[in-house]
Amino acid sequence: MFHSLGKYILLLRLSFRRPEKFSVYWAEVMREMVSTGIGSLGIISIISVFIGAATTIQIAFQLSSPLVPRSIAGSIARDTTILEFSPTISSLVLAGRVGSSIASQIGTMRVTEQIDALEIMGVNAPGYLISPKIIAGVTMVPLLVIVSITLGIGGGYLACMVTGDVTPSDYIVGVLDGFNGLTVRVALVKAIVFGFIIASICAYQGFYTKGGALEVGQSATKGVVYSCVMILFADLVITSIML
Amino acid sequence: MIEINDIYKTFGENEVLKGITAKFKPGKNNLIIGGSGSGKTTLLKCIVGLHEPTKGQVFFDGENFTDMGFEQRVPIRTQIGMLFQNSALFDSMTVEENIMFPLNLFTTKTKEEKLERANFCLERVNLAGKNKLFPSELSGGMKKRVGIARAISMQPKYLFVDEPNSGLDPKTSILIDELINELTEEYQITTVIVTHDMNSVMGIGDHIIFLHEGKKWWEGSNHEIAHTDNKELNDFVFASKFMRAAKAKL
């Protein structure tokens with residue numbers, strides 16, 4: 001375990017060495033940002049709306065007491081979405097979508113000698129391949145989380161309109177009532193850390209792939225599993241530190 | 001001039017290279033031959049720095065490449081072109097982008113100059129007009145030629161080639177050999193080729209190193225190889241009936 005941790009830290013150090021040519025790396029960063037951000041927008045939008053709607057319905061179901069104002073469902077749905085569902089669930093989904101793609105792409109490049117070809121040319125392969133993915137991860141995941149929060153809360157509103165468990169106006173009152181900006185800061189810190197975890201762990205798994213197609217698949221699986229575990233661990237740590 | 005001095009390479013308990021010392025002739029085709037598992041590719045990877053030798057040194061024009069750090073190696077690496085066994089073209093890039101990739105990173109040429117160089121390299125390997133194709137759209141022989149075009153794009157001083165004929169039909173193999181030979185002569189490149197193809201050995205083997213069980217077993221030219229009494233080399237070169245018949249006619 002310590003051997004792997006050491007290799008991971010050394011790889012990260014190599015990844016952030018001075019680029020050979022900034023313009024070439026910048027183009028790569030832009031490409032990765034589009035792939036991570038725009039490419040994941042569809043799936044993040046869909047899960048956010050559904051989770052937001054389902055959460056609101058469940059909260060409304062649990063608030064059966066006439067002494068509790070119905071608008072509280074909006075407040076609980078808002079905070080749950082901002083603090084937990086949007087950053088964590090979105091990141092777990094992104095670990096599957098983006099992380100597996102990173103690990104298998106770099107793993108395939110390793111087993112087909114494309115990484116060797118980069119090194120022969122004098123290119124810092126970890127820098128060229130990994131740093132743009134990490135930069136894309138730490139910038140795009142927070143943006144996706146913001147989109148997810150918005151759509152999640154919007155999903156709750158839709159659920160109110162369709163089911164009528166809570167009136168849409170009560171829901172809006174609840175969403176606006178007692179908003180604390182700290183929750184958004186916590187969500188963004190989580191998103192940045194999760195973006196880093198997904199990109200770096202999956203890139204590490206891909207970079208040290210040995211063998212052929214079977215091992216590329218195994219690297220992708222390991223990358224996703226380790227990323228998910230680390231996301232949940234980091235979620236606990238950040239939540240306990242910041243709240 | 002490339003020199004290797006007492007190269008050892010061990011993977012775990014397995015000692016693959018056992019003290020190989022050799023000099024590769026400048027401006028010539030230097031072939032490393034040997035049976036499967038004899039350490040040919042490992043030796044090539046030790047020379048270019050993809051593997052670090054367990055012991056021994058590699059010198060490029062007298063400079064100790066083995067002891068250099070990553071940054072120090074870059075000026076030598078920009079003088080190296082390499083053709084990999086499976087071509088190792090970047091899948092996400094077109095043929096043109098593959099060839100221009102090292103130019104983008106290591107030169108200050110304008111886009112037009114880089115494009116001109118890419119077109120020249122493609123013409124040189126008889127693939128003019130194939131700029132916009134992706135590697136997945138190319139045949140095995142075409143991939144090798146694009147690999148060669150990428151390898152020569154930086155006008156290298158040294159060309160390393162790993163199994164240039166693997167997976168190719170005999171006619172295409174000969175074309176690739178001829179192309180490598182022409183480039184070596186034309187640009188006076190020091191070319192190091194790992195192969196077990198006897199057509200290559202007899203056709204373009206200016207200087208041949210035969211590896212056996214991780215050691216340098218024999219060294220000479222393609223003219224000398226037919227007359228050697230080295231048993232292991234004879235077993236390797238004249239393994240087929242055809243080659244034995246050809247030797248009998250000499």
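Only the coordinates and a few stated rules stand behind these numbers; no lab work does. A quick note: this is a predicted structure, and the numbers were derived from the prediction, not measured. Here the Cβ positions follow ideal geometry from the backbone for every residue, glycine too, while neighbour counts run over all protein chains shown.
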Under a 10 Å cutoff between Cα atoms, tell me which one of A:231, A:172, A:201 has the largest fluctuation in the Gaussian network model of chain A. A:172
Just want the ordering: B:132, B:45, from fewest to most Cβ atoms lying within 10 Å of their own Cβ. B:132, B:45
Phi to ³J(HN,Hα) by Karplus 6.51 cos²θ - 1.76 cosθ + 1.60 over region B:126-131, Hz, x for Gly, Pro: 6, 10, 4, x, 9, 3
Connecting C-alpha atoms closer than 10 Å in a GNM of chain A, tell me which of A:14, A:118, A:214 has the biggest fluctuation. A:214
Of all the C-alpha pairs in region A:20-242, what % are more than 22 Å from each other? 55
With the Cα gyration tensor of region B:75-164 giving a ≥ b ≥ c as the square roots of its eigenvalues, does the rule (a/c under 1.5 for rounded; else a/b larger than b/c for prolate; else oblate) give rounded, prolate or oblate? oblate
Distance between the C-alpha centers of region A:1-64 and region B:134-180? Whole Å please. 39
Kindly flag which residue pairs out of B:28/B:143; A:21/B:114; B:171/B:231; B:9/B:231; A:21/B:130 have an alpha-carbon separation exceeding 19 Å in this structure. B:28/B:143; B:171/B:231; B:9/B:231; A:21/B:130
In what sequence do A:98, B:48 fall when counting other Cβ within 10 Å, fewest first? B:48, A:98
For region B:1-71, count all C-alpha to C-alpha pairs, find those more than 19 Å apart, and express that count as a whole percent of the total. 30
In whole Å, what is the distance between the alpha-carbon centres of region A:180-235 and region B:49-88? 33
In terms of Cα to Cα distance under 16 Å, which aspartates and glutamates are near enough to residue B:241, apart from those fewer than 8 places away along the same chain? B:197
Amide H to amide H, which residues 5 or more places from residue B:211 or on other chains are under 5 Å from it, using H placed in the peptide plane? B:33, B:34, B:217
Where in chain B are the helices, taken as whole DSSP H runs, whose Cα atoms extend 24 angstrom or more along the long axis and whose Kyte-Doolittle mean reaches at least -1.0? B:170-187
Once phi is turned into θ = phi - 60°, what whole-Hz ³J(HN,Hα) does the Karplus curve with 6.51, -1.76 and 1.60 give for every residue of region A:163-179, x standing for Gly and Pro? 8, x, 4, 10, 6, x, 5, 4, 4, 4, 4, x, 4, 7, 7, x, 5
What number in nm² do you get for the protein assembly as shown if you take the convex hull of its Cα atoms and divide its surface by four? 28.4
Ranked by Cβ crowding within 10 angstrom, fewest neighbours first, how are B:212, B:227 ordered? B:227, B:212
Interchain or long-range residues, amide H under 5 Å from residue B:159's placed H: B:81, B:190, B:191, B:192
Got a sec to turn the phi values of region A:133-140 into Karplus ³J(HN,Hα) couplings, 6.51 cos²θ - 1.76 cosθ + 1.60 with θ = phi - 60°, whole Hz, x for Gly and Pro? 6, 5, 4, 4, x, 6, 9, 7
Whether region B:115-243 is rounded, prolate or oblate, judged on the alpha carbon gyration tensor where a/c under 1.5 counts as rounded: prolate
Cross-link reach list, lysines versus residue A:190, counting only Cα pairs under 24 Å and skipping chain neighbours closer than eight places: A:133, A:222
Just check chain B against the gyration tensor rule for me: Cα atoms, a ≥ b ≥ c as the square roots of the eigenvalues, rounded for a/c under 1.5, and otherwise prolate or oblate depending on whether a/b exceeds b/c. oblate
